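Step one of this worksheet: look at the structure below.
Nothing in this text is a laboratory measurement; each read-out follows from the coordinates by a stated rule. Bear in mind that the values here come from a model prediction, so they are computed numbers and not experimental data. No Cβ is skipped: glycine too gets one built from the backbone with ideal geometry, and neighbour counts run over all protein chains shown.
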Amino acid sequence: MSIEPGGLPPAAAARFQALVEAFASRRVLVVGDLMLDEYIWGRVSRISPEAPVPVVQVTSESYYPGGAANVARNLCEFTQHVAVMGMAGSGVHGDRLLALLGESGVDTSAVLRGAAPTTVKSRIIARNQQVVRVDRETQQPLSAAETAAAIGHLDRLMPAVDAVIVADYGKGFVTQPLADHICQAARRHGKILAVDPHPHTSIAWQGATAIKPNRTEAFLAAGLAPTEPVLPVLADAALLEAGRRLRRLWNAGSLLITLGEQGMLLLEGDAPPYHTPTCAKDIFDVSGAGDTAIAVLTLALASGAAPAEAAQLANRASGIVVGKLGTATVTPAELQAGFATP
């Protein structure tokens, strides 16, 4: 059973409909690197006399939660039971980020405030095209005291949630001691644990319910040199080998490798590798697509979906969000639109 653009048979459509409806009662904690996404919108009418670059006349600015905070924002489209744990700076950007999360109804009681500035990613957009992106960030691992505070928040929130999502952007919040505690606590409390890993950290994840790297991240984590994509995906020997190595390395219940325009590859248990092709029709902006995928994947697993069903829902949600400009989200209505019978 798979979600196709032409619709689904009645029984299958009802199954996916019921899963998405169940999302509303799920309670999820997001752990990871919090960021602020800034969009500077403008128009271009000339080239700078100082250098061969366009001059952007700013018309408006907008701000959105980014990084792990964008995962929380995606969850809020489906459920109002969302909490987030991470680090926000004590300055104006941290205040703005917490205000945006609060407006969405996210529980920010586990957010630590530190001296390091909040990570800000600024994108300058003109004529619906990204002209340049400017990153302001400080990569700083948690101190022992901050780790202890984070673990305290985790132990307080864990019994009350159905699932935990770790979104590691490699900025320092996710450390091995914290990761170990998250894995142990999730197992002890019987919670779904889904991880979006970062390719340039050596964090070991043992026994997570699901781990979702992209193709490049999968090869790097497996210690293999990335290769060019192969079609059909299930004939891509290098990709399958990377997946097998990661299954052994991480001991995860499911491994979902996102493949961009090729869709997603799922490896779980003794089942044969499963490929779900992309649902994207138009691609305007891929920023945040991974956040959407991990959010929907986790909600589906927490709602009783089989791994293949969860992968299909995550794939469809990602296909929708890349058709939007900016750090966007997917609504239940948009996700359910593909379930209608032909």
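When only Cα pairs under 8 Å and 6 or more residues apart are kept, what is the percent relative contact order across region 136-224?
Values: 107 pairs, mean separation 24.8, N = 89.
Contact order relative to length: 28 percent.
What area, in nm² and to one decimal, does the C-alpha convex hull of region 18-114 cast on average over all directions? Present the calculation step by step, with values, prior to reporting the outcome.
Working: hull surface 35.4 nm².
So the mean shadow area of the Cα hull is 8.8 nm².
When DSSP assigns beta bridges and you keep just the ones with both residues in the chain, what percent turn out antiparallel, to the nearest 5? Write down the numbers at each step before the final one.
Details: 28 of 59 bridges.
Close to 45 percent.
Taking a temperature of 10 °C and a viscosity of 1.306 mPa s, what whole-number D in µm²/s does Stokes-Einstein yield for the chain with Rh from Kirkwood over alpha carbon pairs?
Details: Rh = 20.6 Å.
For these conditions, the coefficient is 77 µm²/s.
Treat each spin label as a single point 7 Å out from the Cα along the C-beta direction, and report the THR59 to ASN251 distance in nm.
5.6 nm
Could you give me the radius of gyration and the Dmax of region 68-114, taking only the C-alpha atoms into account and expressing both in angstrom?
10.0, 30
Using all alpha carbons of region 58-217, what is the percent of pairwise distances in each 10 Å bin, ordered from the shortest bin to the longest?
9, 37, 38, 13, 3, 0
Return, for the Cα atoms of region 185-257, the radius of gyration and Dmax in Å, separated by a comma.
In order Rg, Dmax, the Cα atoms of region 185-257 give 12.7, 41 Å.
Arrange LEU29, LEU142 by Cβ neighbour counts within 10 Å, fewest through most, would you?
Details: LEU29 27, LEU142 19.
In increasing order of surrounding Cβ atoms, one gets LEU142, LEU29.
Quick one: compute the contact order of the chain, relative version, from alpha carbon pairs under 8 angstrom and 6+ residues apart, as a percent. Present the calculation step by step, with values, prior to reporting the outcome.
Values: 737 pairs, mean separation 67.1, N = 342.
Result for the chain is 20 percent.
Suppose every Lys and Arg Cβ carries +1 and every Asp and Glu Cβ carries -1, with no other charges. What dipole size does the chain come out with about its Cα centre, to the nearest 20 debye? Don't skip to the end; give the middle numbers.
Details: 27 positive and 31 negative charges, 21 e Å.
Roughly 100 debye, rounded to the nearest 20.
How far apart, in nm, are two points set 7 Å out from the Cα along the Cα-to-Cβ line at GLU334 and at ALA99?
2.5 nm
If the viscosity is 1.567 mPa s and the temperature 4 °C, what translational diffusion coefficient in µm²/s does Stokes-Einstein give for region 166-218 when Rh comes from Kirkwood over Cα pairs?
Numbers: Rh = 11.3 Å.
The estimated diffusion coefficient comes to 114 µm²/s.
Are there trypsin sites (Lys or Arg not before Pro) in region 234-272 that DSSP puts in a loop and that have at most 14 other Cβ atoms within 10 Å, and which ones? Before the final figure, lay out the partial values.
Values: sites: ARG244, ARG245, ARG247, ARG248; in loops: none.
When the trypsin sites (Lys or Arg not before Pro) of region 234-272 are filtered for loop state and at most 14 Cβ neighbours within 10 Å, nothing remains.
Compute the normalised compactness of region 222-325: alpha-carbon radius of gyration over 2.2 N^0.38 Å, N being the residue count. Provide the component values of the computation, followed by the final result.
Working: Rg = 13.5 Å, N = 104, 2.2 N^0.38 = 12.8 Å.
Region 222-325 yields a ratio of 1.05.
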